[in-house]
1. Go through segment 541-558 and give me each residue that's open to solvent by 90 Å² or more (accessible area, probe 1.4 Å) and either at pLDDT 90 or above or assigned to a helix (DSSP H, G or I) (or both).
2. Looking at (1) modelled with pLDDT of 80 or more; (2) over 23 Å from residue 370 (Cβ atoms), find the lone condition where residue 27 falls short.
3. May I ask you to list the residues in segment 98-117 that are assigned to a helix (DSSP H, G or I) and in contact (Cβ under 8 Å) with a residue 60 or more places away in the chain?
4. Among residues belonging to segment 248-277 that are without any contact (Cβ under 8 Å) to a residue 40 or more places away in the chain and among the aliphatic types (A, V, I, L, M), point out the one that is farthest from residue 238 (Cα to Cα).
5. Is it the case that residue 73 is within 15 Å of residue 168 (Cα to Cα), at pLDDT 80 or above and either part of a helix (DSSP H, G or I) or open to solvent by 40 Å² or more (accessible area, probe 1.4 Å) (or both)?
6. Considering only residues that are within 29 Å of the chain's Cα centre (by Cα) and part of a loop (DSSP other than H, G, I, E, B), look in segment 215-245 and name the one that is modelled with the highest pLDDT.
7. Would you please name the residue that is surrounded by the most Cβ atoms within 10 Å (Cβ to Cβ), looking only at residues in segment 269-287 that are under 16 Å from residue 93 (Cα atoms) and out of contact with any His (no Cβ under 8 Å at 6 or more places or on another chain)?
Amino acid sequence: MRELLIVLNTRAQSFLKRAFEPRWQVLVQNLASLLIFGGFAVAMFFLARTVTDYLLTQAHIGLFLFHRMLSMLLYVFFVTVHIGNMIVSFGTLYRSQEVTFLMSLPISHAKIFLIKFVDNFFYSSTTLTILGLAMLLGYGSFFHLPWHFYFVVMFFVMLPFMLIAGILATTALMVLIKIGGRIGFRWLLVLLVGVYGGLVYGYFRLTNPMMLVDEVTKLWPDVNEYLGYLDPPLVKVLPNHWVANFLYWTIQGEYSRALPYLSLLLLTMLGLIALAGLIARKMYYQSWLAVVNLQAGRKRENERQGFLQLGTGQWIASPFETLFRRDLSLFLREPSQWLHLLLMFLLLAVFLVSIGTMNLRFMHPTMQTNAFLVVFLFNGFLIASIALRFVFPLISLEGETFWSVRVSPVSLRRVYWYKVAVSLVAVLAVAELLAVGSVYLFSRDWGLVALAAVVTLFVVATLTSTNIGAGGYFALYKEKNPIRIASSQGASLTFLGSMLYLTFVAIMLVAPVYGYFDASAPSRRWFGLPLVLIAGISVVLFIAFTHVGLRAIARDYT
């Protein structure tokens, strides 16, 4: 235990030293973090309060249905934390140079696992924790709950809930790596994508939100009664169901019925921690060796001649042929990169299938407008996530060898525009497919499809320039793990800034989309002025962040 406390104390001192480093750039970054995170926390508070108020006092869906919708939201939250911890932990637990150093010390493998798990959990879940707390405050303020409610829920409900997701992720990763060593990592990848896709799709297929709404509304006005017989049996063993039931019985004042769900969360968390420690004692070192051997095997394969080998054929005009082959090779050599990309494509596929199976035929223009904006904002969120994960780290991944590009016969400006062009083409292809597919499946209206396609073009151009420019300004040249770069403080600021931009775009679309639905004969004349405003702010942001990015790389490598 003494060794564990020493390492954790060192990690804490290192974090505080970086956070309070007396540099102008660090001060600006911390102030911007405070303003943007604080602003988003306030926005999440009012959003949660407004949505709760609308659903319970205007829509009259009842407490049971409200908490079942909350349970579904918590399931998405749980899966997000779980997948995020699994992907980030691959780099933290197996690819980190610090792990290699710790393995040489007289510290047990289980303690090393625990140290890196704590590091990984707080690194990958901080932003979600802040936003989750803000939404919890908004939810509780509607019911006028006392202060100790927030303390109990945050530390004894939500923290165990998130820890369960994180522990399951890292434990599953150890087991999966051991399995991958036997069946091959390519087959493991296929199995992993299939399992997680099936879990997400199966949950919503099992819970069937539309059917649940129909069943509850049949019981009007007794919609506040506990209708637990409507819950599928398998759902009752999930942590998100326990959290939702705890909240339901707590606001009803029946603490004796809420306590069992609190106990389930705490006991499950403690049991999983003990299980993870036992598995780590047996499997962590072996799984780490399996990854090291895999890396050595890939290194030998890369020494062979292949289509990515430089000098094997000019199929793109030099020098960009060299840059493109190098970047593609680096992407393919990093398992966490293409694994994360495949998981994102899986989420996109599940989202498109879900949109296609929903029967959304609203008669009132307000409901049609709200539904369209929800689909648009979710599309924007996915696009921003892809840009953050794969575009933001591009400058940092040049690493400390970026000087070799600087002394080559290629200007930094051309290298920067090459990265912008490649990123723009790649993200735009995915974004347009998502936008056109989801809007068409949702509305079958080619006018709205055209609007979504044009707006998506401006959104992608803006988000691409934002992530490359900010990625250059907040560059971490010593960090080799792209996932940790995309989870850094600068990346979080960039993502929240992207959300502000998407909120602006959504606000600009409210009036024209409502007018389009409200008109007796839908016409595209409603779209003109909002598109001009969106294009104007997008061009300004594109130019501004391009300027920031160019100055940043010139500053770092003059």
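The values are calculated or read from the model by the stated rules, or taken from the named source; none is laboratory data. Since the structure is predicted, the reported quantities are computational estimates derived from the model, not experimental observations. Every residue, glycine among them, receives a Cβ derived from its backbone with ideal geometry; neighbour counts consider all protein chains shown. Just so you know, the surface numbers come from the protein's heavy atoms only, side chains and all, with ligands and any DNA or RNA stripped out. Shrake-Rupley method; radii C 1.70, N 1.55, O 1.52, S 1.80 Å.
1. First, the residues of segment 541-558 that are open to solvent by 90 Å² or more (accessible area, probe 1.4 Å): 543, 547, 551, 555, 558.
Scanning segment 541-558 gives 543, 547, 551, 555.
2. Just one mismatch for residue 27, condition (1).
3. The answer is 99, 102, 103, 109, 110, 111, 112, 113, 114, 115, 117.
4. 274
5. Considered against the rule, which asks whether it is within 15 Å of residue 168 (Cα to Cα), at pLDDT 80 or above and either part of a helix (DSSP H, G or I) or open to solvent by 40 Å² or more (accessible area, probe 1.4 Å) (or both), residue 73 comes out as no.
6. Looking at residues that are within 29 Å of the chain's Cα centre (by Cα) and part of a loop (DSSP other than H, G, I, E, B), I get 238.
7. 287
Yes/no per residue for (1) under 15 Å from residue 396 (Cβ atoms); (2) open to solvent by less than 40 Å² (accessible area, probe 1.4 Å):
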| residue | (1), (2) |
| --- | --- |
| 457 | no, no |
| 471 | yes, yes |
| 475 | yes, yes |
| 487 | yes, yes |
| 501 | no, yes |
| 509 | no, yes |
| 518 | no, no |
